[in-house]
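Accompanying notes for the structure given below.
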Amino acid sequence: MSAAASPRPERAPAHERSQLARPAQEASALGRPGWTVIAGKEFADHLLSARFIVLLVVLALAAVVPLYFASARIRELAEQASGAQAVFLALFTLGSQQVPLLRVDAFVGIVAPLLGIAFAFDAVNGERSEGTLPRLLSQPIHRDDVINGKFAAGLAIISLVLTAIVAIIAGFGLLRLGIVPAGGEVLRIVAWLGLTIVYVALWLAFGLLLSVLLRRAATSALIGFGIWILITIFGGLIVGLVAGLLAPIPSGGGATDILASAQLQQLITRLLPSTLYQEASLVLLDPSITQVSTPSTIGQAIAAQEQIASLLSLDQSLLLVWPHVVALVALTVACFAAAYVAFMRQEVRA
Amino acid sequence: MIAAEAPIVTRGLTKRYEALTAVDQLDLEVQAGEIFGLLGQNGAGKTTTILMLLGLTEPTAGTARVVGLDPARRPLEVKRRVGYLPDAVGFYGNMTGRQNLRYTARLNGLERRDADARIAEALDQVGLADRADSTAETYSRGMLQRLGIADALIKQPSVLILDEPTTAIDPLGVVEILDLLRGLVRDRGMAILLSSHLLSQVQSVCDRVGIFAAGRLIGQGTVEDLATRFGEDTAHVEVGLELDGPAETERAAAVFASLDGVVGVGRPEGPAAGWRLDVRPASAERQVRQAVLAACVANGLTLSTLRASAPSLDEIYRRAVHQARPAAVSAA
Ligand SMILES: Nc1ncnc2c1ncn2[C@@H]1O[C@H](COP(=O)(O)OP(=O)(O)O)[C@@H](O)[C@H]1O
Ligand SMILES: [Mg+2]
């Protein structure tokens, strides 16, 4: 999938452009574009909402709990290898000895989609059920200002929350463990923050789509959270099942059968946004990782072996995860475009 | 000098939803300084018409011009100048009435100071000033409706379009709201289009009405015009008598039936009710009233009331729909 192939959010498909396009001669006479007014109101609503506090606490816990368990190991690492690279990044990637999954990046990666869904699932159907949509649309704004403004407000709030979480983690490292990040590490953390925002934006766009398509906010919340659980928790299980169905390994099957099944499994896994995010996240936070996932050809395995000793620079890491980032952005754009088009075609009254 | 175009004009305005024609070839004109009532039952196509006037839905055919502009092509300009009260209007429950109006003001690009003055004025006009700082979730349906009217007034529109403005408002409130609308037309020369399915409720406030049934406008004009057109040329006279005993009642009925121009005698339907005389032709109504007075005197009947009863819009509506039906069926 490439970014160029996915529809642009500002444009409707040609066949319905006559209905959707904003008349060119009509400039908004507002001091500022309508979507900024809507985004401002929505952002203020989010900030004052209970869900903002709850999510901030949940995410902070998702970061602090693994940090607490890993802090002893991180301190040890910092002492024995003063001057070693990437000690600060260990804050994000080092798990506890007993439970390897108990690491900040994994935890945050699992919980973060909640943010996206929570700030979007009732964006449009909420307005419908409150009866505010016709009133809103009868103000001198374009119809797409509503959906653009809501998406912008959601992006702003998830960026705010995620930045706060990263600040908490970094603060913990600086103040409690006394480790200071090197310049390169700061850049890696910023890149990881950017990646995480893109990933959560995907869920935000998905939540927005649900809020346009489904009439009841309760239904869209249920479906949104259901899919989140399905993908993040049972994702691996489902992929295994599907691969098993499509390419079953015959009893007594040889190495080629097993390899074929594994390759298929990996391909399907790659279709999951959670996998895309996890792989990219690992590479960005750990300069010693030189390949995105298990090698699937002999050539890749050899190439990987040759590089094993060296650490990657940030731009090498970025190059490695670029396809992942592009795919995540494309998925986000596709979700938003679907929500946009559906919203523009809907009747004003429900 | 060419006369200014009416604030609302439609020509052949049509909206089809698949097989259903919600609005069929609508020709309508609403002048500045008048209240026009778009009247019809649920599903008649009133809301659909209004949405087309605001550019919120596209006409299938025909054109509309609102404040001189085509709402399908210049929706922003139209929406800047037209105040709209949607059917079953809603507000953000977590915000106060005043905050809700402030949001509307911001969407209209108003400065904060300007906005606050207008908001205070509008809240005062609809009688919500003392509840303006409670959250909207504590408002009753009727209060939301009033807030909706205030909301429509914030942009100081020259045209006001109100979809079912009196539904959910108590009878006293209806009188207040209708007075407010009258005042707006009188003081600001606004054009007001309101829709309602409660015909008799808004009958008194409308300068002209359009009768809408199954997407077609089957008659428009003043209530009196329509009464003449659809009333089968019948007028009604209400008579109150003080009678004792059934014999008196029979005598009175015979006296009324013998009068020239009286084609039907409706007896009182309860002890407090009056007689209702059907008069044809409608123009004979004044003579009939004089004749009733004379006959009562001559026959020793004690008169308590005597008046012409206003044509009921409900009645007109029933007849209009009835008359239009054969045409609609043959056209379909
Ligand atoms: N989006 C829609 N799709 C199909 N039919 C619709 C739609 N909206 C309204 N209608 C139909 O159009 C007709 C007119 O509806 P409406 O304008 O709401 O009537 P009113 O406001 O006079 O009660 C109704 O029969 C209604 O069912
Ligand atoms: Mg309606």
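Descriptive notes on the structure:
- Residues that are part of a helix (DSSP H, G or I), modelled with pLDDT under 75 and among the small types (Gly, Ala, Ser), drawn from region A:253-299: A:299
- Leading residue by the ranking (surrounded by the fewest Cβ atoms within 10 Å (Cβ to Cβ)) among those in region A:102-124 that are closer than 14 Å to residue A:151 by Cα and more than 13 Å from the chain's Cα centre (by Cα): A:122
- Residue B:193 satisfies every condition listed in (1) of a type outside the set (Val, Ile, Thr); (2) in a helix (DSSP H, G or I); (3) at pLDDT 95 or above; (4) touching a Phe, Trp or Tyr at 6+ places or on another chain (Cβ under 7 Å) except (2).
- Selection within region B:40-80 - within 16 Å of residue B:215 (Cα to Cα), in a loop (DSSP other than H, G, I, E, B) and within 16 Å of ligand 2 (Cβ to nearest atom): B:40, B:41, B:42, B:43, B:44, B:45, B:57
- Taking residues in region A:324-350 that are free of Cβ contacts under 8 Å to residues at least 24 places away in the same chain, and partners anywhere that are within 16 Å of ligand 1 (Cβ to nearest atom), the pairs with Cβ atoms closer than 8 Å and at least 6 places apart or on different chains are A:347/B:57.
- Leading residue by the ranking (nearest to residue B:50 (Cα to Cα)) among those in region B:196-247 that are free of Cβ contacts under 8 Å to residues at least 60 places away in the same chain and acidic (Asp, Glu): B:225
- Tally of residues being closer than 20 Å to residue A:133 by Cβ, within 8 Å of another protein chain (Cβ to nearest Cβ) and without any contact (Cβ under 8 Å) to a residue 40 or more places away in the chain across region B:59-80: 3
- Among the candidates B:110, B:101, the residue that is outside any helix (DSSP H, G or I) and closer than 20 Å to residue A:33 by Cα is uniquely B:110.
- Among residues of region A:173-189, those that are within 22 Å of residue A:315 (Cα to Cα), modelled with pLDDT under 85 and assigned to a helix (DSSP H, G or I), counted: 3
- The residues of region B:155-190 that are within 16 Å of ligand 1 (Cβ to nearest atom) and either of a type in the set (S, T, N, Q) or part of a strand (DSSP E or B) (or both), listed by number, are B:161, B:162, B:163, B:166, B:167.
- Residues being aromatic (Phe, Trp, Tyr) and within 16 Å of ligand 1 (Cβ to nearest atom) - total across region B:191-230: 1
- Within region B:129-173, the set of residues being of a type in the set (Val, Ile, Thr) and buried (at least 19 other Cβ atoms within 10 Å of the Cβ) comprises B:149, B:154, B:159, B:161, B:166, B:169.
- Evaluated against (1) within 12 Å of chain A (Cβ to nearest Cβ); (2) touching a residue at least 12 places away in the same chain (Cβ under 8 Å), residue B:158 falls short on exactly one condition, (1).
- Flag for residue B:118 being farther than 24 Å from residue B:175 by Cβ and touching a residue at least 24 places away in the same chain (Cβ under 8 Å): yes
- Of residues in region B:19-58 being away from every other protein chain (no Cβ under 12 Å), more than 7 Å from ligand 1 (Cβ to nearest atom) and free of Cβ contacts under 8 Å to residues at least 24 places away in the same chain, the one farthest from the chain's Cα centre (by Cα): B:19
- Across region B:86-102, the number of residues qualifying as closer than 20 Å to residue B:160 by Cβ and either without any contact (Cβ under 8 Å) to a residue 60 or more places away in the chain or within 7 Å of chain A (Cβ to nearest Cβ) (or both) comes to 8.
- Test result for residue B:83, facing chain A (nearest Cβ under 10 Å) and part of a strand (DSSP E or B): yes
The values are calculated or read from the model by the stated rules, or taken from the named source; none is laboratory data. What you are looking at is a predicted structure, and each value in this text was computed from that prediction instead of being measured. As a convention, Cβ positions derive from the backbone with ideal geometry for all residues, glycine included, and neighbour counts pool all protein chains shown.
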